1. For segment 1-87, just say rounded, prolate or oblate: build the C-alpha gyration tensor, square-root its eigenvalues into a ≥ b ≥ c, call rounded for a/c under 1.5, and beyond that prolate if a/b exceeds b/c, oblate if not.
2. Apply 1/(1 + (r/R0)^6) to the Cβ-Cβ distance of THR161 and ALA113, taking R0 = 41 Å, and write down the FRET efficiency to the nearest 0.05.
3. Within segment 88-126, whose backbone N sits under 12 Å from a point 7 Å along Cα→Cβ of PHE19?
4. Heavy-atom accessible area of ILE153 with all protein chains present, probe 1.4 Å, nearest 10 Å²?
5. Using the Kirkwood formula on the Cα atoms of the chain, what hydrodynamic radius do you get, in angstrom to one decimal?
6. Sticking with the crude label model, points 7 Å out along Cα→Cβ, report the distance from TRP189 to PHE106 in nm, one decimal please.
7. If you project the alpha carbons of segment 131-236 onto their three principal axes, what span does each projection cover, largest first, in Å?
8. For the chain, with a Gaussian network of springs between Cα atoms less than 10 Å apart, report the residue from VAL178, VAL32, VAL199 with the top mean-square fluctuation.
Amino acid sequence: MNIKEKILIIEDDDGICKFLKTTLCLNNYGVVIARNGKTALEMAASHCPDCILLDLGLPDMDGNRIIESIRGWTTTPIIVISARITQDDKATALDLGADDYLTKPFGTRELLARIRVALRHARSSSVNADVALNGCYRVGDLVIDYRKHRVFIGNNDAGLTPNEYKIVALLGRHAGQVLTYNHILLELWGPQASGDNKVLRVHMANIRRKIDPNPDEPTYIITEAGVGYRMLDDEK
Ligand code: CA
């Protein structure tokens, strides 16, 4: 039997703790629970969890401080789970080093899918395993060819410009994860990049025109309103 992957739940709400614990145990994960920030930091260090679910609204500590503190010494994936989270809150949590977020209430399937993505990224040191193995990322009809620096839809070259390619390539390497506008701007154009998302939106509109049969209903690159973009994950 495989060793169970261990999830640390940081959450003070009894009902949600119970739901998470039941769901995760049924799906063969090991579970440890911290009800406040102080215990959470101790347990993150002593239990070496494979993934952390973090409620930002804790009684004793701002959840963002927990992200900063944990990111000081480990890359263990952190998925923020919160109610009433604003777009700015999401972007801040992601920029501080959280890997993903789920807005309460969320369903079992969504929770498990996000955890699988987070664990897979952690195992392949945040580079998409398909990309590392084949030099390609495929989802649906979309193929990102990292050797040729080209994107195909079926057999047809989508004809992306170099900047458009860079954006799609970056999202493909992190498929399934939401990347914030800041993160994308910083990766592509470095620290001198302006924090202006307008350029990015224009690029994205052009990309969608080239890769989506119906750009009004994007298939491959999902907009996380006010936060960033997520490449559709090819769940195996
Ligand atoms: Ca709470």
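The values are calculated or read from the model by the stated rules, or taken from the named source; none is laboratory data. Model, not experiment: these values are computed from the prediction. Methodologically, a virtual Cβ is constructed for each residue, glycine included, from the backbone with ideal geometry; neighbour enumeration extends over all protein chains shown. Keep in mind that these areas ignore ligands, DNA and RNA; they rest on the heavy atoms of the full protein, side chains included. Shrake-Rupley method; radii C 1.70, N 1.55, O 1.52, S 1.80 Å.
1. On the way: a/c = 1.78, a/b = 1.23, b/c = 1.44.
Verdict is oblate for segment 1-87.
2. Details: r = 32 Å, r/R0 = 0.79.
So the FRET efficiency works out to roughly 0.80.
3. Under cut-off, by backbone N: 103-111.
4. Number for this one is 40 Å².
5. Values: mean 1/r = 0.0534 Å⁻¹.
Kirkwood radius, the chain: 18.7 Å.
6. 3.0 nm
7. 35, 30, 27
8. VAL199
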